[in-house]
């Protein structure tokens, strides 16, 4: 099996020719991907937090764009959503809603996944899964914390409402996102 020749600190977005224009396009594209996946939402009757596709987008964006571009992309997604672009899940929430902590977690997770990807993680299935699991922790830590504060419930109840119902779905999202990256790297290697 032939390996893709890439710089040790490169990420998938670096395989696209160009510089500033490329960076602007992948930042906007990453925000749009997360916004589009936010529209895949399933509302559960017992928690104000819906199941969404956003976390899949955040993990892919973080692991493929690297720290700076992933951070910019997630910040753009959150910023434009706060300004009124209707791409948050169900077009509700924002920083004042139950999901506000998850939005902060998206920014944190994309930056952390991006940094770990730049350090050589997320190139293959075995290296991407741990990076993405760290990203999930970065999403849930502020998400569950804020949810507990917002609902005025203890940590156990917040975990029951804001983490436990999403674990199985997030395992599938991590597997899907991690499974896509090796193929994307091979495709990028053929282009380069």
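Quick note: the coordinates plus some simple rules give every number you see, no bench work behind them. Just so we're clear, the structure is a prediction, and the values are computed from it rather than from any experiment. Quick reminder, even Gly has a Cβ in these numbers, built from the backbone with ideal geometry, and neighbours come from all protein chains shown.
If neighbour count is taken as other Cβ atoms inside 10 Å, put 102, 77, 140 in order from fewest to most. Each step should come with its number before you reach the end.
On the way: 102 27, 77 30, 140 22.
Arranged by neighbour count, lowest to highest, 102, 77, 140 become 140, 102, 77.
Starting from the 7 Å offset along Cα-to-Cβ, what nm value, one decimal, do you get for the label separation of residue 19 and residue 141?
Result for the modelled spin labels: 3.5 nm.
Under a crude label model (7 Å from the Cα following the beta-carbon direction), how far is residue 32 from residue 184 in nanometres?
Modelled inter-label distance: 1.5 nm.
Rg over Rh of region 101-192, using C-alpha atoms and the Kirkwood radius, what does it come to? Write down the numbers at each step before the final one.
Values: Rg = 15.4 Å, Rh = 14.1 Å.
Ratio of gyration radius to Kirkwood radius: 1.09.
In nm, to one decimal, how far is the modelled label at residue 167 from the one at residue 39, with both set 7 Å along Cα→Cβ?
With each label point 7 Å from Cα toward Cβ, the separation is 3.3 nm.
For region 12-191, what mean projected area does the convex hull of the alpha carbons give, in nm²?
Details: hull surface 38.2 nm².
Taking the Cα atoms of region 12-191, their convex hull projects to 9.6 nm² on average.
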